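Asker: Here it is, the structure in full.
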Amino acid sequence: MADRVTVIGWDGSPLTAAARSALGAATLVAGTAHHLALPEVPASAERIRLGSVALAARRIANHRGSAVVLADGDPGFFGVVRTLRDPEFGLEVEVVPAVSSVATAFARAGMAWDDAHVVVAHARTLRRAVNVCRAHTKVAVLTSPGAGPAELGLLMDGVHRTFVICEALGTADERVTMLTSDKAADHTWRDPNVVIVIGGFVAAADGGGWIAGREPGGGPRGWALPAKAYGGALGEGETDLLRAAQLARLGPRLGDLVWDIGSGSGAFAIEAARAGAAVIAVDRSPGSCARTEDSARRFGVQLQIVHGTAPHVLEDLPEPDVVRVGGGGVAVVSAVADRRPQCIVTHASTRDAAELVGRHLTEHGYQVECALIQSVELDTKAWTETERSVAFLLTGRLPDRAP
């Protein structure tokens, strides 16, 4: 095992005395091409072109001498330190940090970033990174080849955002470009780059924040809020307890894309968005779409609202993770099941209708659960019944889809 492993962050600034000392004593240096070209790298040191960090870690583990790993920005922030510290390699590392590329990108843009989400986009996480950009007003995306600004822009179709694209930060080739998300695919971008994604309706905030990223649980306390929170009467499929059960079954979360089909007042869509998910609310009524947009603004959440009739309007929508079907019956449920979301919830007013929907979900390979939900509202002054609702809640889960 290497006698000493030092990880040095590089942000384009002159190296610190500690970094120069570690490099001067190094018998092995790992880094990208521009790191290995630094004049402080000893000519006699073995050099490893850093592609796979895991492969480099194995070589370092078998090296006798002093090893240095050079990395852009702060190597402990979505960087190489996590891999090097994996127990598999048995390495003890010292870290000389630098300014992270995210902090540098926001500095170049002249923006605060304590209220930003930071995500990593690569082949496996690109879609989830895009969903975070859909759901939130300020996101920094650490990109990778094949999951860069162009791919982000293409997948943001239907949602307007502004991109601040920071290429090759700290190098002589550094460039900062601001454009709308729909124009990002028209250009070729240098790697590495960071994309700041900003836009969407921003609710008024009092003072500064107290936690990095989006404040969790902002807005009124509680879930399945009463009808008055959404401007009055709700549809029969939007009652408080049914909505609470639907939210519990779907569990919308950060990085998810939720479809709410037959969104009505937008109550479910707004509460899914409050959980951090990206949400597309679909309804055939212009009045319902307008009501949903108004409520979204009041709650300060980001929704994409689509006016149209399902199932036809669903064809061009991006792939969902979970779906609530609030209207449209078996035809819509079947069309949704064809898109293979992990979980689908819907409701029926009769047992026969519930059985029909359940049979279609089963035929599509979903594991089906059904529960009869009955709620009774009482006037607490006289303790008399004021309203009663009954619905069959159906849940379909796809066993071959990972959470």
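The values are calculated or read from the model by the stated rules, or taken from the named source; none is laboratory data. Since this is a predicted model, take the numbers as computed values, not measurements. Note: ideal-geometry Cβ built from the backbone for every residue, glycine included; neighbour counts use all protein chains shown. Side chains are part of the model used for accessible areas, which takes the heavy atoms of the whole protein and leaves out ligands, DNA and RNA. Shrake-Rupley method; radii C 1.70, N 1.55, O 1.52, S 1.80 Å.
Asker: Would you say Glu363 is acidic (Asp, Glu), touching a Gly at 6+ places or on another chain (Cβ under 9 Å) and more than 24 Å from Ile280 (Cα to Cα)?
Answerer: In short, no.
Asker: If you don't mind, there's one more thing I want to ask. Condition first: surrounded by fewer than 23 Cβ atoms within 10 Å (Cβ to Cβ) and within 26 Å of Val130 (Cβ to Cβ). Now tell me which residues in the range 224-247 satisfy that.
Answerer: Scanning the range 224-247 gives a single hit, Leu247.
Asker: With respect to the numbered conditions (1) more than 15 Å from Ala269 (Cβ to Cβ); (2) without any contact (Cβ under 8 Å) to a residue 60 or more places away in the chain; (3) open to solvent by 30 Å² or more (accessible area, probe 1.4 Å), which one is the sole condition not fulfilled by Leu394?
Answerer: With respect to (1) more than 15 Å from Ala269 (Cβ to Cβ); (2) without any contact (Cβ under 8 Å) to a residue 60 or more places away in the chain; (3) open to solvent by 30 Å² or more (accessible area, probe 1.4 Å), Leu394 is out only on (3).
The rows are residues; the columns are (1) open to solvent by 20 Å² or more (accessible area, probe 1.4 Å); (2) assigned to a helix (DSSP H, G or I); (3) within 23 Å of Gly31 (Cβ to Cβ).
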residue	(1), (2), (3)
Arg82	yes, yes, yes
Leu91	no, no, yes
Glu94	yes, no, yes
Ala98	yes, no, yes
Asp115	yes, no, no
His122	yes, no, yes
Arg127	yes, yes, no
Leu152	no, yes, no
His160	yes, no, no
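Asker: For Pro14, only one of the following conditions fails: (1) part of a loop (DSSP other than H, G, I, E, B); (2) more than 23 Å from Thr104 (Cα to Cα); (3) open to solvent by 60 Å² or more (accessible area, probe 1.4 Å). What is its number?
Answerer: It is condition (2) that Pro14 fails.
Asker: Of the conditions (1) over 25 Å from Asp157 (Cβ atoms); (2) out of contact with any strand residue (DSSP E or B) (no Cβ under 8 Å at 6 or more places or on another chain); (3) open to solvent by less than 80 Å² (accessible area, probe 1.4 Å), Thr350 fails just one. Which one is it?
Answerer: (2)
Asker: Of all residues in the range 360-379 being under 23 Å from Glu236 (Cα atoms) and outside any strand (DSSP E or B), which is most open to solvent (accessible area, probe 1.4 Å)?
Answerer: His360
Asker: If you check Gly276, Gly218, which single one turns out to be open to solvent by 20 Å² or more (accessible area, probe 1.4 Å), among the small types (Gly, Ala, Ser) and modelled with pLDDT under 95?
Answerer: Step by step, each of Gly276, Gly218 is checked, and only Gly218 is open to solvent by 20 Å² or more (accessible area, probe 1.4 Å), among the small types (Gly, Ala, Ser) and modelled with pLDDT under 95.
Asker: Follow-up. Across the range 111-138, which residue is modelled with the lowest pLDDT among those that are of a type in the set (S, T, N, Q) and within 9 Å of the chain's Cα centre (by Cα)?
Answerer: Thr125
Asker: Which one is farthest from Asp72 (Cα to Cα) among residues in the range 26-38 that are open to solvent by 10 Å² or more (accessible area, probe 1.4 Å) and modelled with pLDDT of 95 or more?
Answerer: Applying the filter and picking the extreme gives Thr27.
Asker: Could you list, in sequence order, all residues of the range 234-266 that are in contact with a Ser or Thr (Cβ under 9 Å, 6 or more places away or on another chain) and in a loop (DSSP other than H, G, I, E, B)?
Answerer: Selection gives Leu234, Gly235, Thr239, Gly255, Gly262, Ser263, Gly264, Ser265, Gly266.
Asker: Output the qualifying pairs, or none if there are none: Cβ atoms under 6 angstrom, residues six or more apart or on different chains, first residue in the range 341-368 and touching a residue at least 24 places away in the same chain (Cβ under 8 Å), second residue loosely packed, with under 15 Cβ neighbours inside 10 Å.
Answerer: So the pair list comes out as Gln342/Arg401; Gln367/Pro399; Val368/Thr362.
Asker: So which residues in the range 380-391 are exposed (fewer than 11 other Cβ atoms within 10 Å of the Cβ), of a type in the set (S, T, N, Q) and assigned to a strand (DSSP E or B), if there are any at all?
Answerer: Once the filter is applied, which keeps residues that are exposed (fewer than 11 other Cβ atoms within 10 Å of the Cβ), of a type in the set (S, T, N, Q) and assigned to a strand (DSSP E or B), the range 380-391 yields Thr384, Thr386.
Asker: Would you pick out the residues in the range 135-149 that are on the phi < 0 side of the Ramachandran plot and open to solvent by 20 Å² or more (accessible area, probe 1.4 Å)?
Answerer: Thr137, Lys138, Leu142, Thr143, Ser144, Pro145
Asker: Is it the case that His307 is in contact with a helix residue (DSSP H, G or I) (Cβ under 6 Å, 6 or more places away or on another chain), open to solvent by 50 Å² or more (accessible area, probe 1.4 Å) and of a type outside the set (S, T, N, Q)?
Answerer: In short, yes.
Asker: On the given criteria, is Phe201 open to solvent by 40 Å² or more (accessible area, probe 1.4 Å) and aromatic (Phe, Trp, Tyr)?
Answerer: For Phe201, the condition - open to solvent by 40 Å² or more (accessible area, probe 1.4 Å) and aromatic (Phe, Trp, Tyr) - is met.
Asker: For the range 49-72, give me each residue that is open to solvent by 10 Å² or more (accessible area, probe 1.4 Å) and without any contact (Cβ under 8 Å) to a residue 60 or more places away in the chain.
Answerer: Passing the criteria: Arg49, Leu50, Gly51, Ser52, Val53, Ala54, Leu55, Arg58, Arg59.
Asker: Has the range 316-328 got at least one residue that is assigned to a helix (DSSP H, G or I) and free of Cβ contacts under 8 Å to residues at least 60 places away in the same chain?
Answerer: No, the range 316-328 contains no residue that is assigned to a helix (DSSP H, G or I) and free of Cβ contacts under 8 Å to residues at least 60 places away in the same chain.
Asker: What pairs come out if I take residues in the range 1-16 that are over 16 Å from Ile48 (Cα atoms) and pair them with residues that are basic (Lys, Arg) and surrounded by fewer than 19 Cβ atoms within 10 Å (Cβ to Cβ) whose C-beta lies under 7 Å away, six or more apart or interchain?
Answerer: The qualifying pairs are Asp3/Arg64.
Asker: Just name the residue that is least open to solvent (accessible area, probe 1.4 Å) out of those in the range 162-198 that are charged (D, E, K, R) and in contact with a strand residue (DSSP E or B) (Cβ under 9 Å, 6 or more places away or on another chain).
Answerer: Glu167
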